[in-house]
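The structure under discussion appears below in the form of structure tokens.
The values are calculated or read from the model by the stated rules, or taken from the named source; none is laboratory data. Only a predicted model underlies this, so the values are computations on that prediction, with no experimental measurement involved. Glycine also receives a Cβ, built like all others from the backbone with ideal geometry; neighbour counts cover every protein chain displayed. With ligands, DNA and RNA removed, areas are computed over all heavy atoms of the protein, side chains included. Shrake-Rupley method; radii C 1.70, N 1.55, O 1.52, S 1.80 Å.
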Amino acid sequence: MSEQLTRQQLYDRIKESSKDGYILEEMKRLGFWKSQGEPTLEETLIQREANLNKELTALVAKERKFQNQEMLLKEIHKQRMQKAKAKREETKQKREQKKQDQAARWQEIQEKEIIYLGDDVSKGLQQTESNKDLLLQNNLPFFENVLHLAESIGTSTKKLTYWCYHRKVSTNSHYYTFEIPKKSGGKRKISAPKTGLKNLQKWLLDTLLSKITMAEEVHGFTANRSIVSNAKSHIGKEVVINIDLKDFFPSIHFKRVKGLFKALGYSEQIASIFALISTQAETKEVLLDGVKYYVQSGNRILPQGSPASPAISNLIAYKLDKRLKGLAQRYGFTYTRYADDLTFSSEENNAKNSAALLYFAKKIITSEDFTVHPDKIHLMKKSRQQKVTGIVVNEKPNIDRNRLRQFRALLHNISCNGWKDQKWGKAKNIYNAIDGYILFIHMVQPEKAIVFRKKLEEIVVKHGKPITKCSTPLPVETQKKEETLSEKENSSSPSNWWSNF
């Protein structure tokens, strides 16, 4: 029985070889093709054609398979590219959102926290816990955090950061710097804070520093005490010794001020902020390509010109005062201090005790990181004029007679000849100098001050007030940078307390 093939199977058989090849195979199978010995030419050709057709079919199949794989790879690559683009876009959006979130968080942090204030001064800003009990004991306000501090001052953390930020190189300065002549010769550098910083320093003085009771031996920049109260402690003594400290304010640097506020109970963060408000970096001016730069050249120190500097210096010198007071009592002396002017007095004229006192006082002063001015150590016995902070103390508080005589002569000369070419010491503004000296006289001898005041008023009626240009004008470029300086503040003279040094 012959095999019955379906139409599809027949097509597949023909497709595998060829139509003639299939017919030849069937004729051989059915006995219609009789082959004797060697195949005939027709048979060979047909067979050859069938083999070639099989090979061609195989090649076509391989080619089709290869083409399908390439198309598949292209499709896969296309899909992967689309997914990659979508992923990149998603990543880009996430990154952008992350930046926005970080910016928002940073903005929030800036409004509530201060985490960096410049190189070399930011250590400890993360330590935010204050000693509340110690602050209460010292009668000082407690601040929960920096935001609470800023709100208490009446400002923002952003503005607080601006005034506190420490830069080693800057194109602007928070201070107006100028020089005034010293009574003893030379010049004294004054750094007057700009309005915003000055307000912070005043707040620090009024809210914190003024609440701390000063030791009884301290008479400078303290309520209800003065050069007169300082001098009264040494009236009628057999021997008076004066010692001046050299560079008193500049010797008090940032770390000492920060340590002071920490000792009072404030966290290291708040202590750092207070110390940055209170101190100024020593700088030198460098002109480069027409631009002025302020380049740090030394430590941050207490500036002479800040309203907070005197009170801070008194607190920094607390240990110095206690040690010197103890030394004085040991050798039978009384001790007081007015700023950088140290005074010892004794009712006994004992040269041996005086020498010992001076020797150990120098040791103590040096160990407390202060420096004795070598040219300003005076030992005055009762047989000579004894002066303490400019006041004669031999028998009672008095003013130097020769100086009073010179002052009386000056007023008489001005009354007769007017203000032209008149001088009083090294003062540039003759009227202010005379007015200030009358105030000084009033502190010691009020009855004489009344006479001199009346004489000055007569001179003003007769000759008017002298026209004097400001000796220390503020630089034009710094005036422009000042944010909210009033016209009055721009033209104002240095505060009167500087003249006390």
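Of all residues in the range 302-323, those that are farther than 25 Å from Lys363 by Cβ have Cβ atoms under 7 Å from Cβ atoms of residues that are open to solvent by 10 Å² or more (accessible area, probe 1.4 Å) and of a type in the set (S, T, N, Q), 6 or more apart or on another chain, in Pro303/Gln280; Ala311/Ser210. Based on what the data block shows, is Glu75 loosely packed, with under 13 Cβ neighbours inside 10 Å, without any contact (Cβ under 8 Å) to a residue 24 or more places away in the chain and either in contact with a Cys (Cβ under 6 Å, 6 or more places away or on another chain) or part of a loop (DSSP other than H, G, I, E, B) (or both)? So Glu75 does not fit the description; no. A single entry from Ser210, Ser229 fulfils the requirement of being open to solvent by 20 Å² or more (accessible area, probe 1.4 Å), out of contact with any Asp or Glu (no Cβ under 9 Å at 6 or more places or on another chain), without any contact (Cβ under 8 Å) to a residue 24 or more places away in the chain and not in a strand (DSSP E or B): Ser229. Evaluating Leu205 against the criteria (1) buried (at least 18 other Cβ atoms within 10 Å of the Cβ); (2) free of Cβ contacts under 8 Å to residues at least 40 places away in the same chain leaves one unmet condition, (2).
Does Asp375 meet the test of being open to solvent by 20 Å² or more (accessible area, probe 1.4 Å), part of a strand (DSSP E or B), under 30 Å from Ser191 (Cα atoms) and of a type in the set (Asp, Glu)? Yes.
On the stretch given as the range 122-174, residues that are open to solvent by 70 Å² or more (accessible area, probe 1.4 Å) and hydrophobic (A, V, I, L, M, F, W, C) total 2. If I filter the range 420-435 down to residues being in contact with a helix residue (DSSP H, G or I) (Cβ under 7 Å, 6 or more places away or on another chain) and crowded, with 17+ Cβ neighbours inside 10 Å, which single residue comes out as nearest to Asn230 (Cα to Cα)? Ranking the qualifying residues of the range 420-435, first place goes to Ile434.
Name the residue that is nearest to Thr207 (Cα to Cα), counting only residues in the range 110-153 that are outside any loop (DSSP other than H, G, I, E, B) and under 18 Å from the mean Cα position of the chain (by Cα).
Here the answer is Ile153.
Any chance you could count how many residues in the range 276-297 are among the aliphatic types (A, V, I, L, M), crowded, with 24+ Cβ neighbours inside 10 Å and in contact with a Leu (Cβ under 8 Å, 6 or more places away or on another chain)? Looking only at that region, the number is 1.
Quick check on my filter: what residues within the range 80-93 are open to solvent by less than 90 Å² (accessible area, probe 1.4 Å) and over 45 Å from the mean Cα position of the chain (by Cα)? Met81, Ala84, Ala86, listed by residue number.
Residues in the range 378-419 that are open to solvent by 30 Å² or more (accessible area, probe 1.4 Å) and assigned to a helix (DSSP H, G or I): 11 in all. Tell me, which residue of the range 158-207 that is part of a strand (DSSP E or B) and polar (S, T, N, Q) is farthest from Tyr116 (Cα to Cα)? Out of the qualifying residues, it is Thr177. Give the residue, chosen from Leu200, Leu245, that is touching a Leu at 6+ places or on another chain (Cβ under 9 Å), more than 27 Å from Lys382 (Cα to Cα) and modelled with pLDDT of 95 or more. Answer to the selection: Leu200. Check whether at least one residue in the range 265-275 is under 23 Å from Lys187 (Cα atoms) and among the acidic types (Asp, Glu), and report yes or no. No, there is no match, as no residue in the range 265-275 is under 23 Å from Lys187 (Cα atoms) and among the acidic types (Asp, Glu).
Residues are listed down the side, and each one gets a yes or a no for (1) more than 30 Å from Leu135 (Cα to Cα); (2) open to solvent by 10 Å² or more (accessible area, probe 1.4 Å); (3) touching a Cys at 6+ places or on another chain (Cβ under 8 Å):
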| site | (1), (2), (3) |
| --- | --- |
| Gly265 | no, no, no |
| Ala308 | no, no, no |
| Tyr318 | no, yes, no |
| Lys322 | no, yes, no |
| Gln329 | yes, yes, no |
| Thr336 | no, no, no |
| Phe360 | yes, yes, no |
